[in-house]
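Below is one structure, written out as structure tokens; comments come after it.
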Amino acid sequence: MTAAATLRDDDFTAMRQAMVASQLRTVAVTDPRVVAAMADVPRERFVPAASTAMAYRDTAIALGQGRALNTPLATARLLVEARLRPSDRVLLIGAAAGYTAAVLARIVADVVAVEESPDLAVHARAALADERNVTLVEAPLAQGHAAGAPYDVLLVDGAVEELPSTLLTQVADGGRIVTGLIERGVFRLAAGAHRGAATALTPFADIDSVRLPGFAKPRGFTF
């Protein structure tokens with residue numbers, strides 16, 4: 001029997017409380033709604049069974065097919081910087097197995113969560129079955145879901161080299177954007193706004209986050 005198999009609900013509750021106390025409250029995760037939502041959502045339901053004992057560690061968790069669940073700290077900082085409002089409609093890119101969508105569902109009015117991996121989408125759909133304000137869309141991450149636009153918030157739960165215009169045009173004028181960025185090999189979190197045809201992003205923390213597929217910058221021609 002594995003260590004994960006012996007864990008009980010109260011063990012996970014204790015680990016969740018420890019995550020909030022040691023990883024969130026001590027490092028600029030200041031929005032009480034984000035803290036409360038992450039203290040409520042059972043993160044262990046959104047990781048492979050063999051990895052449930054690691055669910056609350058400050059590390060990315062492999063989900064298969066080269067994908068991973070973002071760290072609790074990276075996700076929490078993105079959620080705080082998004083300046084979420086109860087009336088917001090959020091486009092979540094990189095739903096993975098559904099964890100961040102479940103957290104958002106406790107804070108905002110409507111979540112459209114995009115995931116391109118069929119296996120992860122199946123897991124997310126089952127895990128989010130009780131979240132009535134979450135719509136899971138199976139599509140390429142860089143494509144988003146234009147049919148539901150415009151969105152008040154674009155939240156990319158992972159790191160990208162650039163955000164394509166396909167996603168940016170789905171954000172309402174004045175809408176907020178938060179994402180992980182990869183700049184010359186350095187991983188940062190960034191936040192900004194979309195106004196008219198312009199989008200401005202400003203890094204706010206040097207924090208590792210999981211790399212998402214499909215967002216590489218075009219490479220220049222070299223001899």
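The values are calculated or read from the model by the stated rules, or taken from the named source; none is laboratory data. Values in this document were obtained by computation on a predicted structure and should not be read as measured data. Here the Cβ positions follow ideal geometry from the backbone for every residue, glycine too, while neighbour counts run over all protein chains shown. Note: areas computed on protein heavy atoms with side chains; ligands, DNA, RNA excluded. Shrake-Rupley method; radii C 1.70, N 1.55, O 1.52, S 1.80 Å.
Considering segment 79-125, the residues that are among the polar types (S, T, N, Q) and in a loop (DSSP other than H, G, I, E, B) include one that is nearest to ILE207 (Cα to Cα), namely SER117. At least 2 residues being modelled with pLDDT of 95 or more, within 16 Å of the chain's Cα centre (by Cα) and closer than 24 Å to ALA121 by Cβ is the threshold, and among the strands (runs of 3 or more DSSP E) wholly inside segment 134-219 those reaching it are 134-138, 151-160, 171-183. Look at (1) within 18 Å of GLY144 (Cα to Cα); (2) buried (at least 22 other Cβ atoms within 10 Å of the Cβ); (3) in contact with a strand residue (DSSP E or B) (Cβ under 6 Å, 6 or more places away or on another chain) and you find that ARG89 fails only one, number (2). Residues that are among the charged types (D, E, K, R) and open to solvent by less than 70 Å² (accessible area, probe 1.4 Å) within segment 117-155 comprise GLU131, ASP152, listed in sequence order. Would you check if there is a residue in segment 13-36 being more than 25 Å from PHE204 (Cα to Cα), of a type in the set (Val, Ile, Thr) and either part of a helix (DSSP H, G or I) or open to solvent by 70 Å² or more (accessible area, probe 1.4 Å) (or both)? Yes, segment 13-36 contains a residue that is more than 25 Å from PHE204 (Cα to Cα), of a type in the set (Val, Ile, Thr) and either part of a helix (DSSP H, G or I) or open to solvent by 70 Å² or more (accessible area, probe 1.4 Å) (or both).
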